[in-house]
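Trainee: The structure follows.
Nothing in this text is a laboratory measurement; each read-out follows from the coordinates by a stated rule. Source: prediction; values computed, not measured. Note that we place each Cβ from the backbone using ideal geometry, even for glycine, and neighbour counts take in every protein chain shown.
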Amino acid sequence: MKLSNSAISVIDALQGFTTRGSFGKAYGKEDVRPIDETFERIRGFLGDHPDSFPARSVVRSIYEPGQFTLGQESPLYDLCTKGGRDVMDAIPYFGDWQAITKRTNAATDVPAYLDWLGSAVRARVENIVIAGATLTSCLKQTSIGSKRFLDREFGKGVNVVVPLDLAGVRASVKNSPDYSRAIEEMRDCMVTVIENGQTH
C-alpha cells in the first residue's frame, strides 16, 4: 500500500475511549489500556508520515447523555457528551485535517463524511485507511459503510483499509468472538484488513 496514493481517516481517538475517560471508568484500566496503546501507535504512525496523505479527516463523536445506556445511570452515561473531557483529542493533529462530527456509530451517516470520501477519490487516492476506535463498533460500521458508498458511487477501484495495528479494542473484546466476527464481517464486505505488524 503506497501512502502517497492513500487517504486516512482517524475515528474517535478521544479521551472518552481511553483509561482516562468513560471507558476506563466503565471497564477498568487493564481492559482499556490496549486502546491507549493503539492511540500511541497512531500518533507514531502519523509522526512518521506527516505529509504522506493527500486527504485526511478526523472524526469525533458527540453523543447524547445516556445514548448507550438506555438512559440509565452508569459510567458510560456521559460518554463523549458535549462539553466534557471525553470529547478531547487523545492524539495531536498537525497540518490540514478535515474535522467531522458524528452522533452515531457510523461516520458514513454524516453527509460531510461522504463528501470527504468523494473529495479523496477525486484527489486520485486508491486507498482509504481507517484507524482509531473501536474496531467492533465505529470502525467496523464506518469501514463497511465507506466501502459500500465508494463502490456504489465510484465503482470498485478504491480500497478501504483497516490496519489492525491502528484499530483500538478493549482487551476483553479482543479475546472474544466479537473481535474475529467483526474482522470477518469487514472482509465479507470487501474491506481490506491488514494484520498486526504489517503497517508501515
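Trainee: Quick one, what does Rg over Rh come out to for the range 1-93 if you take C-alpha atoms and the Kirkwood Rh?
Mentor: Details: Rg = 14.9 Å, Rh = 14.2 Å.
Here Rg/Rh amounts to 1.05.
Trainee: Measuring from centroid to centroid over Cα atoms, what is the spacing of the range 12-38 and the range 131-200 in Å?
Mentor: Spelled out, the Cα-based centre of one part sits 20 Å from the other.
Trainee: Show the residues, 5+ positions off or on another chain, whose built amide H is closer than 5 Å to the amide H of Asn159.
Mentor: Asn127, Ile128
Trainee: OK, next. Relative to the Cα centre, what is the charge dipole magnitude of the chain, using +1 at the beta carbon of each Lys and Arg, -1 at the beta carbon of each Asp and Glu, and rounding to the nearest 20 debye?
Mentor: On the way: 24 positive and 25 negative charges, 44 e Å.
With Lys and Arg at +1 and Asp and Glu at -1, about 220 debye.
Trainee: Just add up the charged neighbours of Lys25: K/R +1, D/E -1, any other residue whose Cβ is under 15 Å from the Cβ of Lys25.
Mentor: Details: positive: Arg20, Lys29, Arg33, Arg85, Arg170; negative: Glu30, Asp31, Asp36, Glu73, Asp78, Asp86.
Net of charged neighbours comes to -1.
Trainee: In bins 10 Å wide, starting from 0, what share of all Cα pairs of the chain does each bin hold, as a percent?
Mentor: Answer for the chain: a P(r) of 9, 38, 38, 13, 1 percent.
Trainee: Something else: Once phi is turned into ³J(HN,Hα) by the Karplus curve 6.51 cos²θ - 1.76 cosθ + 1.60 with θ = phi - 60°, what whole-Hz value does each residue of the range 29-45 show in order, with x for glycine and proline?
Mentor: Karplus values, whole Hz, x for Gly and Pro: 5, 5, 6, 8, 3, x, 5, 4, 5, 5, 4, 5, 5, 4, 4, x, 4.
Trainee: Of all the C-alpha pairs in the range 80-183, what % are more than 18 Å from each other? Intermediate values should be presented prior to the final figure.
Mentor: Details: 2881 of 5356 pairs.
The share of Cα pairs beyond 18 Å in the range 80-183 comes to 54 percent.
Trainee: Separation between the Thr69 and Glu185 pseudo-spin-labels, each 7 Å from Cα along Cα→Cβ, expressed in nm?
Mentor: It works out to 2.4 nm between the two label points.
Trainee: Between the DSSP loop rule and a limit of at most 10 other Cβ atoms within 10 Å, which GluC sites (Glu not before Pro) in the range 1-99 are left?
Mentor: Working: sites: Glu30, Glu37, Glu40, Glu73; in loops: Glu73.
Passing both the DSSP loop test and the Cβ count: Glu73.
Trainee: Separate question: What are the residues whose amide H is under 5 Å from the amide H of Ile194, where those residues sit 5 or more places off or on another chain and H is modelled from the backbone?
Mentor: Excluding prolines and chain starts, which carry no amide H, the hits are Val162, Leu164.
Trainee: As a footprinting exposure proxy, order Ser137, Ser172 by other Cβ within 10 Å, with the fewest listed first.
Mentor: Values: Ser137 18, Ser172 15.
By the 10 Å Cβ count, ascending: Ser172, Ser137.
Trainee: 222 nm [θ] for the chain, helices only, -39500 (n - 2.57) per DSSP H run of 4+, per residue, to 500? Numbers along the way, then the final one.
Mentor: Details: 6 runs with 69 residues, N = 200.
Result for the chain: -10500 deg cm²/dmol, rounded to the nearest 500.
Trainee: Still on this structure, please answer the following. Trypsin sites (Lys or Arg not before Pro), restricted to the range 117-200: which are DSSP loop and have at most 15 other Cβ atoms within 10 Å? Could you put the intermediate results ahead of the total?
Mentor: Working: sites: Arg122, Arg124, Lys140, Lys147, Arg148, Arg152, Lys156, Arg170, Lys174, Arg181, Arg187; in loops: Arg124, Lys156, Arg170.
Those that pass, being in a loop and sparsely packed, are Arg124, Lys156.
Trainee: Taking every DSSP beta bridge with both residues inside the chain, roughly what % is antiparallel (nearest 5)?
Mentor: 5 percent
Trainee: What does the charge add up to near Lys82, with Lys and Arg as +1, Asp and Glu as -1, over the other residues with Cβ less than 14 Å from its Cβ? Show your work: numbers first, answer last.
Mentor: On the way: positive: Arg60, Arg85, Lys102, Arg103; negative: Glu64, Asp78, Asp86.
Result for the neighbourhood of Lys82: +1.
Trainee: Would you order Thr108, Thr18, Thr101, Thr142 from fewest to most other beta-carbon atoms within 10 Å of each residue's own beta-carbon?
Mentor: Working: Thr108 20, Thr18 23, Thr101 15, Thr142 28.
So the ranking, lowest neighbour count to highest, is Thr101, Thr108, Thr18, Thr142.
Trainee: I would also like to ask the following. Stick to Cα atoms and the Kirkwood definition of Rh, then tell me Rg/Rh for the range 125-197.
Mentor: Values: Rg = 11.9 Å, Rh = 12.2 Å.
Rounded to two decimals, Rg over Rh is 0.97.
Trainee: Among Ser52, Thr101, Leu79, which residue has its Cα furthest toward the positive end of the charge dipole of the range 3-194, with +1 on Lys/Arg Cβ and -1 on Asp/Glu Cβ?
Mentor: Among Ser52, Thr101, Leu79, the one farthest towards the positive end of the dipole of the range 3-194 is Thr101.
Trainee: What residues have an amide H closer than 5 Å to that of Leu14, excluding those fewer than 5 places away on the same chain, when H is modeled at 1.01 Å from N in the peptide plane?
Mentor: So Leu14 has HN proximity to Ala90.
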